[in-house]
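For reference, the structure is listed below as C-alpha cells.
The values are calculated or read from the model by the stated rules, or taken from the named source; none is laboratory data. What you see is a predicted model, and the numbers here were worked out from it, not measured in a lab. Neighbour counts run over all protein chains shown; Cβ positions are idealised from the backbone, glycine included. Heads up: the accessible areas ignore ligands, DNA and RNA and are worked out on the full protein's heavy atoms, side chains in. Shrake-Rupley method; radii C 1.70, N 1.55, O 1.52, S 1.80 Å.
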Amino acid sequence: MLMFSHKLKQAIKKVLTVTGLHSIPWKYIPNGVYVFNYHRIGERNSCQFDREVFSCSTRAFEEQCLFIKNNFQVISLEELETIINNNKQHENRYAVFTFDDGYIDNFTEAFPVLKKHGISASFYVATDFVGSELIPWWDEIAYILRLSCGSSYQLPSKATVYNLELNNLEAVISRIIYDAKRLKSVTVLEVLDDIRAKFPEEARSISNVNQQLFMDWEQLCEMTSAGMNIGSHTLSHQMLSQLSLELQERELKVSKEIIEKNIPALVSSVVYPVGRKHCYTSDTCRLAALLGYKFGFNNEPGRITSKSNSHDLNRYCIGSDDIVELKLSILFNL
Ligand SMILES: [Zn+2]
C-alpha cells in the first residue's frame, strides 16, 4: 500500500534537491485538520513479518512528533469533534495522530514518546487480534515468502511470475502483497492458502514463532487511562468492500461493543481496514454513521475541511523516517 507513494515521494524529493527547491514553502500550506496515520514503530529490517507495515523507527517517530508539534496545533479526537461540530477546521493547522492495527510496538515504542510530549493519539484495533497470538495474513505471507527465497511464485488468476531472489526479495514480497489486495476474483485469504500450499515446509515453520504481535486489553486500558483514545478497526480486518452488508454491519457493530466492554471509554471512531477507496463503499460510511460512530477514517491522503464527510475522512500515511517525505505527503497529497 505504501510502496508506490513512497517511490513517488523519493522521485519528487530527488527533483527538488537537484533543482535546489528542497527548501519547501512550508508556511504556505493551508489551514485544516491533518490526520497522520502510523502503523508499526521500530526497526523494520530485523522483522521477520511484513516490513511494509512499519511507519518509521522510534527515533524518527520522536523527531516527527516534535516537528508536528512545532508546525501544527496537535489535537485529541474529542477536540476534533468540537472543531468539526463548530465548523472551525479553517481556523488553524491542526494535527491528529492515529495508529492502525494495534501492534504491540504501539505500546512499547510509540506510547512512551507520546506521553513524554503530551500528545493524545487514537489507536485502532481489530478486536480479533487484541491479546491473541494471531498472525495476520499479510505478515504470514511475508514470513513464508522470505523463507522461500530462491523460488518463484504466481498469484492465482494472474500471469505475472514473481522471482524471489535475494537482491530484490523485500521489493518482490511487497509487490505480491500489494497485488494480492487488488485481485478481482480471489480474496487475500485465498492467496494465503495458495502460498501455504505452494511452500508447505516454510508455512509450517511459522508455528515455531513465539511472538505476540498485538496489544492486549490491559495495555489498551493503561493507554486509555493516560489519555489515549481507542477506536475500532473492525473485528477481523477484512476489506469491508468484499463483504455483504450484513457482515459489514457485524464487523462495525460488534467490534465497537467488544472494545466498550473491555476499556473504560466509549468508541467514537472507526478506521476502515486497508482504507483505500476500493476497500470500503458509501454503504460502509452510511453504516458507520448509523451504528453510532462519529467519525470514519480512510487511508487516502488529504486534509479535513468543512466540506469533508465525517465518515470518510482522509489521513496522511507515514511510511518513512524522513521528515522531508512527511512534508511532501502534505504538499503533494501523496
Ligand atoms: Zn489495518
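Worth pointing out:
- Being more than 16 Å from the ligand (Cβ to nearest atom), outside the structural domain of Ser152 (by TED's automatic domain parsing), of a type in the set (Val, Ile, Thr) and open to solvent by less than 30 Å² (accessible area, probe 1.4 Å) is a description that applies to Ile263.
- Some residue of the range 230-243 being more than 16 Å from the ligand (Cβ to nearest atom) and either open to solvent by 10 Å² or more (accessible area, probe 1.4 Å) or polar (S, T, N, Q) (or both): no
- In the range 248-260, of all residues being more than 15 Å from the ligand (Cβ to nearest atom) and under 17 Å from His311 (Cβ atoms), the one that is least open to solvent (accessible area, probe 1.4 Å) corresponds to Gln248.
- Criterion violated by Ser174 - all others in (1) without any contact (Cβ under 8 Å) to a residue 60 or more places away in the chain; (2) open to solvent by less than 40 Å² (accessible area, probe 1.4 Å); (3) among the hydroxyl-bearing types (Ser, Thr, Tyr) satisfied: (1)
- Restricting attention to the range 157-170, the residues being exposed (fewer than 11 other Cβ atoms within 10 Å of the Cβ) and in contact (Cβ under 8 Å) with a residue 60 or more places away in the chain number 0.
- Listing of helices (runs of 4 or more DSSP H) fully contained in the range 55-156 that carry 3 or more residues being buried (at least 16 other Cβ atoms within 10 Å of the Cβ) and either out of contact with any Cys (no Cβ under 7 Å at 6 or more places or on another chain) or modelled with pLDDT under 95 (or both): 58-71, 77-85, 137-147
- Unique residue being open to solvent by less than 50 Å² (accessible area, probe 1.4 Å), closer than 22 Å to Thr108 by Cβ and of a type in the set (Phe, Trp, Tyr) when the list is Phe199, Phe214: Phe214
- Which numbered condition Phe295 misses (of (1) without any contact (Cβ under 8 Å) to a residue 12 or more places away in the chain; (2) open to solvent by less than 10 Å² (accessible area, probe 1.4 Å)): (1)
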